Amino acid sequence: MASYFCPCPRGMEAALAEELGEIAQQSRTMKVHNQVPGGVHCSGDLLDSYRINLHSRIASRVLMRMGVSGYQNENDIYDLVLAQPWEDWFTCGHTIRVDVTAVKSPLKSLEFTTLKIKDAICDRFRDQFNKRPSVDTREPDMRIVGFLDKTQFIIYLDTSGEALFKRGWRTETGDAPLRENLAAGLLRVSGWKPGVPLFDPMCGSGTILCEAAQMVQGVPPGARRRFAFEAFNDFDPAPWQAMKAAIKPNPLPSEPTIFGSDISGDMVAMTRHNLRSAGILFDVPLKQIEAQEVKAPTEQPGILLTNPPYGERIGVRGDSTLPEDELATSFYSAFSSTLKQRFTGWTVFLFTADLGLPKLLRLKEARKTPFFNGALECRLFRFDMVAGFNRREAAKPKAE
């Protein structure tokens, strides 16, 4: 059995652990262990790493632990890396890349630590074969990841290759695209399930819609791409092909349940293109319309989930000649009225780095959950658009 670590966007650890638990139900050997900031530990056989790579929508990578030990200096790290049987997994002909992350490590230079890890791998190959693998930082065959905390060092071999949010379908993006695994995590945290109406009124390049549509259709996120484990020395394609062949797509919906719109016709066209690239075979109605003008797309209430523009991005939503604050205030005031008047019974989720968003909307959030979009601290605000919202708002005494 191997130990694995699956990193994910910060804040998504519980959602990832839940998802990994569902994937583990397909396996006799996979077990989910503890959550830590930035990821989830699990274990299983090598086929379980294939399974996670194929099915996890929220993990960023699947890292296989090669070794772990305490350390006092870079030489301790070198010794642990040198002792690992890298030649069991790849050859001198493969290119490598080494990345190191650290939390409270006393070591002065992560760059020097990265160099020591690379040297140890290359020295092991040179000692055995009188040759060494080359470094390729752009498109390596093998990625090696080191993690340091205050006292412990762990060395991992990445089974994924390119980060898992790169599903293989995205060919076009907007200015500030949401990563696919973050969008999938937001869908899970929102409680959305296939069959429930979903609407993104500021869909951009359509990441949320594509992730949701693949879930409806039963397309695993890793079905259309390659992985690093396919280049491992003893890779056996038969069980991997069998795993992919066992995928049973869901019946296509007879009525649309996923809807999107955007003020930009270019973005609507991009979303349409990305849905096709993602292999979506059913209709996802899209409109070019301002978010303030939208109406609920179904009589049945559902979930509105969107990543509204903030900062510079809001310029595309209205008159960019207005000062940003005035533009944001007028936009969110109008959008708030639309939500109250036209989305009774809907649950609204807005994912944003603008932590003052509820004040701009003049709405009290039912819940706010912190997440990170890369290094950017964000919130997922939930608003329950209960019936009678307008009457209650109108009845409130106006502030002097």
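The values are calculated or read from the model by the stated rules, or taken from the named source; none is laboratory data. These figures come from a predicted structure and were not determined experimentally. So basically every Cβ, Gly included, is an ideal-geometry build from the backbone, and we count neighbours across all protein chains shown. The area values use the complete protein model at the heavy-atom level, side chains included, leaving out ligands, DNA and RNA. Shrake-Rupley method; radii C 1.70, N 1.55, O 1.52, S 1.80 Å.
When the residues of region 122-148 are filtered to those that are acidic (Asp, Glu) and farther than 11 Å from Thr91 by Cα, which remaining residue is nearest to the chain's Cα centre (by Cα)? Full working, then the answer.
Initially, region 122-148 is screened for residues acidic (Asp, Glu), giving 123, 127, 136, 139, 141.
Okay, now just the ones that are also farther than 11 Å from Thr91 by Cα, so 123, 127, 136, 139.
On the way: Asp123: 36, Asp127: 40, Asp136: 25, Glu139: 21 Å.
By that ranking, first place goes to Glu139.
Return the pair list, or none, for Cβ contacts closer than 7 Å from residues in region 94-110 that are under 15 Å from Val135 (Cα atoms) to residues that are in a helix (DSSP H, G or I) and small (Gly, Ala, Ser), at least 6 apart or on different chains.
His94/Ala231
Filtering region 111-121 down to residues that are open to solvent by 70 Å² or more (accessible area, probe 1.4 Å) and of a type outside the set (Phe, Trp, Tyr), which residue is farthest from the chain's Cα centre (by Cα)?
Quick first cut of region 111-121, residues open to solvent by 70 Å² or more (accessible area, probe 1.4 Å) only: 111-112, 115.
Keeping just the survivors that are of a type outside the set (Phe, Trp, Tyr) gives 111, 115.
Details: Glu111: 27, Leu115: 29 Å.
Of everything passing the filter in region 111-121, Leu115 is farthest from the chain's Cα centre (by Cα).
Answer yes or no: is there a residue in region 70-83 that is part of a strand (DSSP E or B), open to solvent by 30 Å² or more (accessible area, probe 1.4 Å), closer than 30 Å to Phe129 by Cα and not hydroxyl-bearing (Ser, Thr, Tyr). So that I can check it myself, show each step before the final result.
Step one: list which residues in region 70-83 are part of a strand (DSSP E or B), which gives 70.
Restricting the remaining residues to those that are open to solvent by 30 Å² or more (accessible area, probe 1.4 Å) gives 70.
Right, trim to closer than 30 Å to Phe129 by Cα and you get 70.
So of that shortlist, the ones also not hydroxyl-bearing (Ser, Thr, Tyr) come out as 70.
Checking region 70-83: at least one residue is part of a strand (DSSP E or B), open to solvent by 30 Å² or more (accessible area, probe 1.4 Å), closer than 30 Å to Phe129 by Cα and not hydroxyl-bearing (Ser, Thr, Tyr).
Within region 365-391, work out how many residues are among the basic types (Lys, Arg) and over 17 Å from Leu304 (Cβ atoms).
Going through region 365-391 one residue at a time, the tally reaches 1.
Kindly indicate which of Arg97, Arg124, Arg132 is of a type outside the set (A, V, I, L, M), open to solvent by 30 Å² or more (accessible area, probe 1.4 Å) and in contact with a strand residue (DSSP E or B) (Cβ under 8 Å, 6 or more places away or on another chain). Give the derivation first.
Details: Arg124 fails: in contact with a strand residue (DSSP E or B) (Cβ under 8 Å, 6 or more places away or on another chain); Arg132 fails: in contact with a strand residue (DSSP E or B) (Cβ under 8 Å, 6 or more places away or on another chain).
Of the residues listed, the single one that is of a type outside the set (A, V, I, L, M), open to solvent by 30 Å² or more (accessible area, probe 1.4 Å) and in contact with a strand residue (DSSP E or B) (Cβ under 8 Å, 6 or more places away or on another chain) is Arg97.
Can you tell me which residue is surrounded by the fewest Cβ atoms within 10 Å (Cβ to Cβ) among those in region 233-251 that are within 25 Å of the chain's Cα centre (by Cα) and touching a residue at least 12 places away in the same chain (Cβ under 8 Å)?
Here the answer is Lys248.
Is region 202-209 home to any residue that is in contact (Cβ under 8 Å) with a residue 40 or more places away in the chain and touching a Phe, Trp or Tyr at 6+ places or on another chain (Cβ under 7 Å)?
No: region 202-209 contains no residue that is in contact (Cβ under 8 Å) with a residue 40 or more places away in the chain and touching a Phe, Trp or Tyr at 6+ places or on another chain (Cβ under 7 Å).
Please indicate, with yes or no, whether at least one residue in region 171-191 is over 30 Å from Gln288 (Cα atoms) and out of contact with any Pro (no Cβ under 6 Å at 6 or more places or on another chain). Write out each step before concluding.
At the first step, the residues of region 171-191 found to be over 30 Å from Gln288 (Cα atoms) are none.
Scanning region 171-191 turns up no residue that is over 30 Å from Gln288 (Cα atoms) and out of contact with any Pro (no Cβ under 6 Å at 6 or more places or on another chain).
Search region 331-349 for residues being open to solvent by 20 Å² or more (accessible area, probe 1.4 Å) and β-branched (Val, Ile, Thr), and hand back the single one that is farthest from Gly302 (Cα to Cα).
The extreme case among them is Thr344.
Can you name the residue in region 286-301 that is closer than 19 Å to Ser264 by Cα and of a type in the set (Asp, Glu) and is also surrounded by the most Cβ atoms within 10 Å (Cβ to Cβ) among such residues?
If we take residues in region 286-301 being closer than 19 Å to Ser264 by Cα and of a type in the set (Asp, Glu), then Glu290 is surrounded by the most Cβ atoms within 10 Å (Cβ to Cβ).
Name the single residue, out of those in region 291-327 being of a type in the set (Asp, Glu) and modelled with pLDDT of 95 or more, that is farthest from Lys359 (Cα to Cα). Reasoning before the result, please.
If we filter region 291-327 for residues that are of a type in the set (Asp, Glu), which is where we start, we get 293, 299, 312, 319, 324-326.
Subsequent filtering for residues that are modelled with pLDDT of 95 or more retains 293, 299.
Details: Glu293: 21, Glu299: 29 Å.
For region 291-327, the residue satisfying everything is Glu299.
Can you tell me which residues in region 252-294 are of a type in the set (S, T, N, Q), over 15 Å from Thr306 (Cα atoms) and under 22 Å from the mean Cα position of the chain (by Cα)?
Asn274, Ser277
This table checks each residue for (1) in contact with a helix residue (DSSP H, G or I) (Cβ under 7 Å, 6 or more places away or on another chain); (2) among the acidic types (Asp, Glu); (3) surrounded by 20 or more Cβ atoms within 10 Å (Cβ to Cβ); (4) in contact (Cβ under 8 Å) with a residue 60 or more places away in the chain.
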site: Tyr4; (1), (2), (3), (4): yes, no, yes, yes
site: Arg10; (1), (2), (3), (4): no, no, no, yes
site: Ala15; (1), (2), (3), (4): yes, no, yes, yes
site: Met30; (1), (2), (3), (4): yes, no, yes, no
site: Val40; (1), (2), (3), (4): yes, no, yes, no
site: Gly44; (1), (2), (3), (4): no, no, yes, no
site: Ile52; (1), (2), (3), (4): yes, no, yes, no
site: Arg57; (1), (2), (3), (4): yes, no, yes, yes
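Can we say Asp158 is open to solvent by less than 70 Å² (accessible area, probe 1.4 Å) and among the charged types (D, E, K, R)?
Spelling it out, Asp158 is indeed open to solvent by less than 70 Å² (accessible area, probe 1.4 Å) and among the charged types (D, E, K, R).
May I ask you to verify whether Ser254 is of a type in the set (S, T, N, Q) and assigned to a strand (DSSP E or B)? Write out each step before concluding.
Details: of a type in the set (S, T, N, Q): yes; assigned to a strand (DSSP E or B): no.
When the stated conditions are applied, Ser254 does not pass them.
Among the numbered criteria (1) assigned to a strand (DSSP E or B); (2) within 15 Å of the chain's Cα centre (by Cα); (3) of a type in the set (Phe, Trp, Tyr), which one does Phe199 miss?
Exception for Phe199: condition (2).
Of the residues that sit in region 59-69 and are part of a loop (DSSP other than H, G, I, E, B) and open to solvent by less than 30 Å² (accessible area, probe 1.4 Å), which one is nearest to Phe129 (Cα to Cα)? If you could, list the steps in order and put the result at the bottom.
Step one: filter region 59-69 for residues part of a loop (DSSP other than H, G, I, E, B), giving 59-62.
Adding the requirement that they be open to solvent by less than 30 Å² (accessible area, probe 1.4 Å) leaves 59-60, 62.
Numbers: Ala59: 36, Ser60: 34, Val62: 29 Å.
Among them, the one singled out is Val62.
With the structure loaded, tell me whether Pro177 is open to solvent by 30 Å² or more (accessible area, probe 1.4 Å), touching a Ser or Thr at 6+ places or on another chain (Cβ under 9 Å), in contact (Cβ under 8 Å) with a residue 60 or more places away in the chain and assigned to a loop (DSSP other than H, G, I, E, B) or whether it fails that test.
Details: open to solvent by 30 Å² or more (accessible area, probe 1.4 Å): yes; touching a Ser or Thr at 6+ places or on another chain (Cβ under 9 Å): yes; in contact (Cβ under 8 Å) with a residue 60 or more places away in the chain: no; assigned to a loop (DSSP other than H, G, I, E, B): yes.
Answer is no for this residue.
So which of Arg126, Arg97, Arg138 ends up being assigned to a strand (DSSP E or B) and out of contact with any helix residue (DSSP H, G or I) (no Cβ under 6 Å at 6 or more places or on another chain)? Walk me through it before giving the result.
Details: Arg126 fails: assigned to a strand (DSSP E or B); Arg138 fails: assigned to a strand (DSSP E or B).
It is Arg97.
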